[in-house]
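Here the structure is laid out as structure tokens; the discussion comes afterwards.
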Amino acid sequence: MRLDAMFLKKLRALTAAALATALLAPAQVMAQKDVTVWRVQSHWPAASSSFTDSLVFLKNRLEERTGGRLKLELYEANTLFSATDSFNAVRRGVIQMATISPAYIIDQVPLAGVASGLPF
């Protein structure tokens, strides 16, 4: 009887492990599919310290804080669009994010003229 009890205990443990594996494997696949990638164009060249200190820093921080679920694909100035077209590319949903100079959008957002005229 002791052997039967041990056998049943091992069988239950093995069944539980197999069931857990079967249930968790799809969850891992689903978690991998839940990665969101945003395309981000900058108005700075990649060699610029502004690109590194701002966008690369943001990319690393977001990936760290979201556990890799949000990733940024960074593009330097004029890679996907001209820097002046980046605002409209975001508006149309072609890219998800961009850095721009406020001077580029004064005709569309007049208040941007205030920001482009500030001394800092």
- prompt: Considering region 82-102 alone, what residues qualify as being in contact with a strand residue (DSSP E or B) (Cβ under 6 Å, 6 or more places away or on another chain), part of a loop (DSSP other than H, G, I, E, B) and β-branched (V, I, T)?
  reply: I95
query: What about S116, is it exposed (fewer than 15 other Cβ atoms within 10 Å of the Cβ) and within 21 Å of S49 (Cβ to Cβ)?
result: yes
- line: Residue pairs qualifying under the 6 Å Cβ cut-off, at least six apart or on distinct chains, with the first in region 73-96 being among the acidic types (D, E) and the second being surrounded by 15 or more Cβ atoms within 10 Å (Cβ to Cβ), are E73/R39; E76/S42
query: Within region 61-81, restricting attention to residues that are of a type outside the set (D, E, K, R) and assigned to a loop (DSSP other than H, G, I, E, B), which residue is surrounded by the fewest Cβ atoms within 10 Å (Cβ to Cβ)?
result: G67
query: Looking at this structure, is D53 within 26 Å of V35 (Cα to Cα), in a helix (DSSP H, G or I) and either of a type in the set (D, E) or modelled with pLDDT of 95 or more (or both)?
result: yes
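The values are calculated or read from the model by the stated rules, or taken from the named source; none is laboratory data. Because the structure is a prediction, the values reported are computed rather than measured. Glycine also receives a Cβ, built like all others from the backbone with ideal geometry; neighbour counts cover every protein chain displayed.
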